[in-house]
Structure formats: structure tokens, C-alpha cells
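The values are calculated or read from the model by the stated rules, or taken from the named source; none is laboratory data. Since we're looking at a predicted model, the values are computed, not measured. Using ideal geometry, Cβ is built from the backbone for each residue, glycine included, and neighbour counts are taken over all protein chains shown.
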Amino acid sequence: MCYAMPGVIESIRDGHVSIGYFGQRREAITDGLDGLSVGDYVYSQNGFIIRKVPADEAHKILETWRDLFSHLKEEDSRQSEKPHLANDGSKLSRILLKAANCGALSDDELLSLMSTTADHEIELICQTANNLRHRLLDNSCCVHGILEFSNVCKQGCMYCGIRAANTNINRLRLSIDEILSAAIAATERYGFKTLVLQSGEDGHYSDDDLVEIVRRVREKCGVLLFVSVGERSPECYERMYKAGARGALLRFETSNRRIYETLHPDSNHEERIDLLRKLSRMGYLIATGSLIGLPGQSAKDIIEDIRLAKSLNAEMYTFSPLIPAPDTPLANAQRPNLNDMLKLTSVIRFIVPNSRILVTTATELLRGDARELSLRAGGNSLMLNVTPKAMRLAYELYPGKTSAISLSDQIQSTTDLLKSIGRAPTDLGRPYVA
Ligand code: 5AD
């Protein structure tokens, strides 16, 4: 299995393309790629055509997908059935029936879902969200690669293992050539079609350097590129966009300004959110969200976080449990439990039914089966770490984040899991609307 399936161009009008995948039609934009014609095979990610695929190569890949494609769909249909909601007039049944019909839930209803504690009720919430995901978005689950290139950071975020004040970690940064060869390995050897380039806020890289990194990776690898480099100037982001970056991953961390200010002494909440709005206006796909389990954070704050991500036009919802990191002021914080993260995933699905919800690495750490359960609670997106080993080990935002498991083993276990639950590691973009 690979992370994208080539599609065939069925029509093109004003840079808008309809692409066919075994009879399914999705839409994408040409994004400046010239010379495309009806009948050409292409890869598309998040609604952007990223490159053309030679016909013989496309035929070969499609052959491997032909039976698998329908088999996975059937498996997903079987495993994502609507739960049986008792017609007993109970509050939970009423809320879930409304959610299943994409009804807008009130804060009171959402809070009631978040405060559910009985296992069988949590299961009903997750099943309802999973069924909604299946009906609206089918079985595709995007698998992006994340490439960390520097753990040097000037920020002082109170929870983060790579905060500037932490002198107990090994600081490393990759050169532009090293970043490029890691990106080439991720795309050519391992088949990733979307990469996230992430670093701490490292002033060593000038705006010119970042633009150069984006330009070279885009040019050499033909992938959809997200940048995750923290608070750089709007001009820098504008230039990275022009160089080929199409997504920005930047969490606002919390919608609660008071909590934000306590935890981020060197950063301004309003400016961070304002930057996200600017990035959205520039055309970036926005991946954003918050940390769960921050001191003083309430369930109402978390609902506000989801609403804020929605108002920022998030293309990807990335919400992570706080994992206490040693040598940080929050080293003794309490980590949230998996049930809280599962309910949160479902609640995001209910508030924004057609969203792309990332199962974050930190969530996966909460329990061995957290990834599978999150995918069964409404989640539909994963990220694998494609960072070269030395950097991967040094990039410890929180303990346990770095995995000793090789990338090929990670890929194998991910594809095995996706197969077993009927998900296709493809990104088929948006359904085509004629
Ligand atoms: N636990 C979970 N997530 C963390 N991050 C930083 N430190 C931690 C932690 N201790 C997340 C922040 C940041 C992203 C790069 O890593 O949300 O945006």
C-alpha cells in the first residue's frame, strides 16, 4: 500500500480539475502545474494536484489497488455501522441522534458528552462519530510524513521539552542539504506525498534559508508541503507560499488567553491567532488546535478551542494531550486519560462533521491501542516521523515521543492497522461537485 493513488483527469476548467478514482470523482486545483490534459494521471493531495504520473506507472499502481480499494471500503462499511441508540428519550440518545444528523449541538449538549464517564456510553459516542466520518468522508485516511529539522528554540513554552531554558537536551539542526536528502528519502524511498517540515523557533535559519528549503524540497520531491516553524513574519510566510509551501501547522495551544499568557511568557496570544488568520487568507491550508490537560483548562475552554479552530478554517484539527516533560515547569502536570481524548475526537467530528482529524503522536502514547481507538472515534489522519535518527532522538518535545522503531516498521504496522479497519491510506481530496 502507498499513501496516494493516482487518479485520471476527467475534466479541466479554469484550473479546476475533476479526477476519477475507480468511478469516484474528486476535485482539485492545478496549482500552476502546466500542460495537464484530460486522460492524464496525477497525484492530488488536499485538493492540490502535486504532480503528473506517467501512464504506465499509474496503471501498475492502480492494478495493485483495484481489488484492495473495494475490499477496504466494504470492511470500513462493516466496521462503522451506526450504533443502536435506544429510543428511550435519554439525554445521550437524543444528543447522539442529533449529532448523527449533523445537527448543531449546544454547549450544554457538548459538555454533557465530554463529561460522560460510563464505558458503554463513551463507546456509543465514538461509534456515532465513526459512523458519521464513514458516511461523509468514506474510508480514506491521510498519512503524512513529518520531518523535524531543528530542536533549537528561542521560546519558553512552560510544557515543552525543547524550550530555550532546558539545558539538559542535546541541540541539533540539519543543514539545508541534510533536510533535502531526508525529504528525498521520505518521498522516493517511502512514498510519502505530503510532508510537514517542522522545527523549533530557530533564528539560525533566515527567511531566505526557509524559502530555499521550501523551494528545493518542492522542486525535488513534488510533494504537498506544510511548514511548521512557529511565529515567523507574515512576509516570511508569504515568501514560503510563493516558493511552494501550501500548508501551515501552527497550534494556538489554547483559546483561553489567560492560560496562554501564563504558559507562554514570550508570546502574544492575539498575535498568534492573528497570524493564523493571515495565513488562511494567504491561501495556506491550516492545521491547528490545542493542548489538552493544561492547568486551569475547563471542558468549556476545550469546546471553545474546537470552535476557534473552526473559525480559523482549519483543514486539519490537531489536538494533543499534554505529556509532562522533565526539566520543564509543568513536569508534574497530570496527563489526560485516553477516554478524554476519544470523547474529544468525537466531539470535534460532531462540531465539524467533514473535518480531517489527526490522531496525534502524543495521543498514541496514552495506550497501546490508542491509535486504533482514535481512528474508531472519528479520527481520519495520521503522521509518521520521517526524521533522520539522530535528530529524531534529540527532538523530545515530551518523553516517549521519539520512537526507536524504524520507519519501515512504523509504515508496516500503520498499513496493517489501516487494512484491518478498512481504511485506505489515500488522500482523495474533496468530493467533486459538478
Ligand atoms: N506534550 C504534548 N505536546 C507538546 N508540545 C510541546 N510540548 C508538549 C508536551 N509536553 C506540542 C505543542 C507544539 C507542538 C510542536 O508540540 O502543541 O505546538
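The table that follows gives values for the structure above.
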quantity: Criterion (at pLDDT 95 or above and either more than 16 Å from the ligand (Cβ to nearest atom) or under 19 Å from Met341 (Cα atoms) (or both)) met by exactly one of Ala424, Ala434, Ala390, Ala377; calculated: Ala377
quantity: Of all residues making up region 248-286, the number that are hydroxyl-bearing (Ser, Thr, Tyr) and closer than 22 Å to Ala164 by Cα; calculated: 4
quantity: Whichever residue in region 408-422 is over 18 Å from the mean Cα position of the chain (by Cα) and not small (Gly, Ala, Ser) and, among such residues, is farthest from Ser381 (Cα to Cα); calculated: Asp409
quantity: In region 105-121, the residues that are among the aliphatic types (A, V, I, L, M), surrounded by fewer than 20 Cβ atoms within 10 Å (Cβ to Cβ) and in contact (Cβ under 8 Å) with a residue 60 or more places away in the chain; calculated: Leu105, Leu111, Met114
quantity: Filtered residues of region 407-421 (kept if exposed (fewer than 13 other Cβ atoms within 10 Å of the Cβ) and closer than 30 Å to Asp31 by Cα); calculated: none
quantity: Which listed residue is surrounded by 19 or more Cβ atoms within 10 Å (Cβ to Cβ) and out of contact with any strand residue (DSSP E or B) (no Cβ under 8 Å at 6 or more places or on another chain), from Ala390, Ala404, Ala377, Ala424; calculated: Ala377
quantity: Count of residues meeting criterion [closer than 20 Å to Thr194 by Cα and either at pLDDT below 95 or more than 10 Å from the ligand (Cβ to nearest atom) (or both)] in region 282-331; calculated: 11
quantity: Hey, Gln127 more than 16 Å from the ligand (Cβ to nearest atom), in contact (Cβ under 8 Å) with a residue 40 or more places away in the chain and surrounded by 16 or more Cβ atoms within 10 Å (Cβ to Cβ) or not; calculated: yes
quantity: Test: residue in region 170-186 that is within 22 Å of the chain's Cα centre (by Cα), under 16 Å from Phe350 (Cα atoms) and among the β-branched types (Val, Ile, Thr); calculated: no
quantity: Meets criteria (among the hydroxyl-bearing types (Ser, Thr, Tyr) and crowded, with 22+ Cβ neighbours inside 10 Å) for Ser206; calculated: no
quantity: First in region 151-172 and within 11 Å of the ligand (Cβ to nearest atom), second anywhere and modelled with pLDDT under 95 and of a type outside the set (A, V, I, L, M), Cβ under 6 Å, 6 or more apart; calculated: Asn151/Tyr395; Gln155/Asp266; Gly161/Glu396; Gly161/Tyr398
quantity: Search result, residues across region 67-100 that are modelled with pLDDT under 95, exposed (fewer than 13 other Cβ atoms within 10 Å of the Cβ) and within 27 Å of the chain's Cα centre (by Cα); calculated: Ser70
quantity: Residue in region 205-220 that is closer than 29 Å to Glu304 by Cβ and either small (Gly, Ala, Ser) or touching a Cys at 6+ places or on another chain (Cβ under 9 Å) (or both) present; calculated: no
quantity: Helices (runs of 4 or more DSSP H) contained entirely in region 321-434, each with at least 2 residues that are closer than 20 Å to Asn131 by Cβ; calculated: 338-351, 370-375, 407-420
